[in-house]
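Working notes for the structure below.
The values are calculated or read from the model by the stated rules, or taken from the named source; none is laboratory data. Everything quoted here is computed from the prediction, not taken from an experiment. Glycine gets a Cβ as well: all are built from the backbone with ideal geometry, and neighbour counts include every protein chain shown.
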Amino acid sequence: MQLVFVTCLVVGAAVLAAWINGRFPKLAPQSLGLQMGVAAVAFVWLQLPVMQGSELRLLLSLFAFGTLPALTTAFLAGMWLLRSLRTTLSLR
């Protein structure tokens, strides 16, 4: 059951990141340094532990402040970096 939940969470974060990337293309930082910074922040964010305790704390940790936003940011940073690579290599 946990595997299904984690899979849905990761796929949902990827779909959400793809939607944000397609809907708001100007949201991406223009410099490669800022894009790498966003990727580094997402990496550190994903290392934070999930809050234990009540169900409310767990749900807030997963969906509001923790795992889902961090995964979405990581996928978004990856898309931005791939777009920069494509532009740099002129693979349009």
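Take the conditions part of a helix (DSSP H, G or I), without any contact (Cβ under 8 Å) to a residue 12 or more places away in the chain and surrounded by 14 or more Cβ atoms within 10 Å (Cβ to Cβ) and apply them to S84. Does it pass?
Working: part of a helix (DSSP H, G or I): yes; without any contact (Cβ under 8 Å) to a residue 12 or more places away in the chain: no; surrounded by 14 or more Cβ atoms within 10 Å (Cβ to Cβ): yes.
No, not satisfied.
I'm trying to understand the selection: among the residues of region 26-61, which are among the hydrophobic types (A, V, I, L, M, F, W, C) and surrounded by 15 or more Cβ atoms within 10 Å (Cβ to Cβ)? Break it down into steps so the answer makes sense when it comes.
Here is the first cut: in region 26-61, the residues among the hydrophobic types (A, V, I, L, M, F, W, C) are 27-28, 32, 34, 36, 38-46, 48, 50-51, 56, 58-60.
Answer for region 26-61, where residues must be among the hydrophobic types (A, V, I, L, M, F, W, C) and surrounded by 15 or more Cβ atoms within 10 Å (Cβ to Cβ): A28, M36, V38, A39, A42, W45, M51.
With the requirement that a residue be among the hydrophobic types (A, V, I, L, M, F, W, C) and over 20 Å from W19 (Cβ atoms), what does region 47-92 give you? Even if it seems obvious, please write down each step before you answer.
Initially, region 47-92 is screened for residues among the hydrophobic types (A, V, I, L, M, F, W, C), giving 48, 50-51, 56, 58-60, 62-65, 68, 70-71, 74-77, 79-82, 85, 89, 91.
If the condition is that a residue be among the hydrophobic types (A, V, I, L, M, F, W, C) and over 20 Å from W19 (Cβ atoms), then L48, V50, M51, L56, L58, L59, L60, F65, L85, L89, L91 are the ones that fit.
Looking at region 67-78, which of its residues are surrounded by fewer than 19 Cβ atoms within 10 Å (Cβ to Cβ) and over 18 Å from F5 (Cβ atoms)?
The one that is surrounded by fewer than 19 Cβ atoms within 10 Å (Cβ to Cβ) and over 18 Å from F5 (Cβ atoms): G78.
Identify, by number, the condition in (1) loosely packed, with under 12 Cβ neighbours inside 10 Å; (2) more than 18 Å from V11 (Cα to Cα); (3) among the aliphatic types (A, V, I, L, M) that A64 doesn't meet.
(2)
Of everything in region 71-92 that's of a type in the set (G, A, S) and more than 20 Å from S61 (Cβ to Cβ), which residue is farthest from the chain's Cα centre (by Cα)?
Here is the first cut: in region 71-92, the residues of a type in the set (G, A, S) are 74, 77-78, 84, 90.
From the residues that got through so far, the ones that are more than 20 Å from S61 (Cβ to Cβ) too are 77-78, 84, 90.
Working: A77: 7, G78: 8, S84: 17, S90: 25 Å.
Among those that are of a type in the set (G, A, S) and more than 20 Å from S61 (Cβ to Cβ), it is S90.
Answer yes or no as to whether F24 is over 10 Å from the mean Cα position of the chain (by Cα) and at pLDDT below 90.
Working: over 10 Å from the mean Cα position of the chain (by Cα): yes; at pLDDT below 90: no.
No: the conditions fail for F24.
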